[in-house]
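Note sheet for the following structure.
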Amino acid sequence: MDDRLRAIAHAARAEAEAAIDVDDEFAATIRRTPTNFEPRRALDRQRRRAIAWVAAAAVVLIAGGLVVLRSGDDNTLQTVDTETTTAITSPSVSSAIEAPGTVEVSTTLESSPLTPTSTPRTATTAPTTTSPATSALEPVGEMAWRPVSTSPLSERSDHSLVWTGDELLVWGGVASVDGFVEFADGAAYDPVSDTWRELPDAGIAGRLGHSAVWTGDAMLVWGGVTDFGCNTGTSDGVFYEPATDSWLPISPAPGPVRTAHSSVWTGDEMIVWGGFPTLGARTSDGRFCDAPPDPNAELPGLAYNPLTDSWRIIAAGPEPRISSTLVAADGKVLLWGGISAESDDWLADGWSYDPATDQWSELPIGPLSPRMSHIAVWAGDEMIVAGGQDRDGLLSDGAAFDPETGRWRPIPDLPAEIADAEAATTDRYLLVLGGCCSQDADAFTLDLLTDTWASLPLIPSPPCRESCSRNAPVASLGDGFVTWGGMTESGPEADTQWWAEGSLLDLSK
Amino acid sequence: MTVTGAHDYEEVFRDVFPRLVSLGVLKTGRVDSARDLAQETMLRAHTRWDELATYDAPAAWCHTVMTNLLIDYHRTTTSEQRAVERLGRRGEHAADRIGDATATPALDRWHEIVAPLPDRQRLVVTLYYADDLSVGQIANLVGTSRGAVKATLFKARRALRPALDAEASRDFQGDSNG
């Protein structure tokens, strides 16, 4: 279908362009130019954003005169925003900017479980901003990411990262190499030794957008897209058990094959919800995509129990939607926001699913407006929802929902308007990484104790600098975060690049 | 008016103008509207060329402005005008709208296919299939997220698939019979 539609579009474009006499049009445009031309909308979106940033920077510069940014030499790091001041203590990491373009990150985290036992690493990166606060989001301090060692895997995005407690499991994904390639390989990264080992063959097709959850002793991989060009879904899955370094297939899921679903691990089951019906498979000659089995098929929620290797269809709940979020919350599952798949309405409703009773219940209405592509995470006792976008653009506000009290409370705004970001939590911090339209920074932490946001230093590897968007997964290591691989788009033409690099942020101290 | 800079205005105009018009025609279905919007875009570029000429990609700036104008076009065009255009599309060929006798079967076919789509889906589909922009590029252009673009494309594909499959089936039968 894509090939046919593109062929028609190109032919139509050629006909339209052939109808234009460029000489006449050029002369007509010059004739229309008044001497005192005032554009109706003189500023394009990027320029408006730039001005907003400069204004924000001015606010910080003024505030900076009133607030002490650094307290002595105890490596206590502080970030200032217009409302609050937060301190992030990172005594274990020091960073020295030796020369323009070179950042030496020396790690002295000997007592941290995340500290590599190898010698301190030195990384040469693109220049980082070193001038005094020129932006409201400029990081203050030296809380540092460190690059992880070279992995055996190739560049990719839309892969999964799963933390086992000892290792980071990287599996699957996609990249463009003379056409899209869906990967079926994986590797395990040990942050203590800063080393990788390759995983054995999983025995299933390469894929992206799959579920990957840690069940306590194994990684469960299920579903996903096996042909990116045709958006072909799959219902098969496998377990990977690190103890035996082996894979084991699971029973196929019931019901229509789907893509772009959400999934969470509740402690006993993997809950699967939402997604699109698969759009078919490639024809045997490999040239076209077949028609979908049923593009309007209803997709029931599913639950998979690894103990019994069985699936069950869960109770029908809220209306089908896309770009909503699913969060595991102390044995229950919380669903929030998105766009209705039926009415195209933007949604701000939330639902709770209890696997024990197989029942859905609607959450109280919160303070947030309808949105999609937001982040939502479970932070120990609350679900935090932030960012995303609505019809008018990107959003930065957020709120937290406490299932115990059934109440919402607003939280401070994200330091930037962001959609499609990735998020993960430790006991103390929420990390928001990448997403659409980040500018000078693309990683922020929310201190869950003080409810304050901080901007993190630029990630050294993969780099993503000015006007760059990062699409990369992030995983919590319990007392730190790690990101590996992903895709970045930068520059006016949104140049796309896939990566096989990663960085780790240690918050153990 | 002489315009100078790292990029030459006329050179960029000749390169980018047909692309802007074709984008406008494929989106709005009207050559006159597309030509007006493309001219408006290039007028804006002309009046600030001293600055634009130093940009790495002034064509990208023009593309962004044209896209914004197309979004505004839908917002500012009255429902009455849009109804007239929709009615017009059913009975006339693109060649009529162009104002010459040139047959434009592909343009006609394109408009027949995308006519049922909501305005935003038509814009995204045009940028994706006719302009060959990536999801990320479209997200930047229309000021939305990659996820929103993907969702829009998904819905558009789902809406268009029956018509395209039927056409493919007709072609296949035609080939077989032929």
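How much length, in nm to one decimal, is gained on full extension between A:Thr308 and A:Ala14, taken as 0.36 nm per residue of separation minus their Cα-Cα distance?
That works out to 100.0 nm of additional length.
Using alpha-carbon pairs under 8 Å, 6+ residues apart, how would you state the relative contact order of the range A:356-491 in percent?
Across the range A:356-491, relative contact order equals 17 percent.
Within 10 Å of each residue's Cβ, count the other Cβ atoms and sort B:Ser134, A:Ser373 from fewest upward.
Listing B:Ser134, A:Ser373 from fewest to most nearby Cβ atoms yields B:Ser134, A:Ser373.
Ranking B:Asp119, B:Asp8 by Cβ neighbours within 10 Å, fewest first, what do you get?
Least crowded to most crowded, the residues run B:Asp8, B:Asp119.
Along the Cα→Cβ direction, 7 angstrom out, place labels at B:Arg158 and B:Arg48. What is the inter-label distance in nm?
Those two pseudo-labels are separated by 3.9 nm.
Take every Cα pair under 8 Å in the range A:145-506 that's 6+ residues apart, average their separations, divide by the length, and report that relative contact order as a whole percent.
Relative contact order for the range A:145-506 comes out at 12 percent.
Can you pull the mean other chain C-beta count within 10 Å for peptide B:132-144?
Per residue, the number of nearby Cβ atoms from other chains is 6 on average.
Treat the count of other C-beta atoms within 10 Å as a stand-in for reagent exposure and order B:Thr104, B:Thr54 from fewest to most.
Listed from fewest to most nearby Cβ atoms, that is B:Thr54, B:Thr104.
Report ³J(HN,Hα) in whole Hz for each residue of the range A:362-375, in order, from the Karplus equation J = 6.51 cos²θ - 1.76 cosθ + 1.60 where θ = phi - 60°; Gly and Pro get x.
My calculation for the range A:362-375 gives 7, 7, x, 5, x, x, 8, 6, x, 6, 9, 6, 8, 9 Hz in order.
Between A:Asp190 and A:Asp402, what length in nm is gained on full extension when 0.36 nm per residue of separation is reduced by their alpha carbon distance?
72.9 nm
Quick one: what are the phi-derived ³J(HN,Hα) couplings along the range B:61-67, Karplus 6.51/-1.76/1.60 with θ = phi - 60°, whole Hz, x for glycine and proline?
With the stated coefficients, the range B:61-67 comes to 4, 4, 4, 5, 4, 4, 5 Hz.
Calculate the all-directions average of the projected area of the range A:383-509's alpha-carbon convex hull, and give it in nm².
If I average the Cα hull's projected area over directions, I get 8.4 nm².
Bear in mind these aren't lab numbers, they're just calculated from the coordinates by the rules spelled out. All of these numbers come straight from a predicted model, not from anything done at the bench. Neighbour counts run over all protein chains shown; Cβ positions are idealised from the backbone, glycine included.
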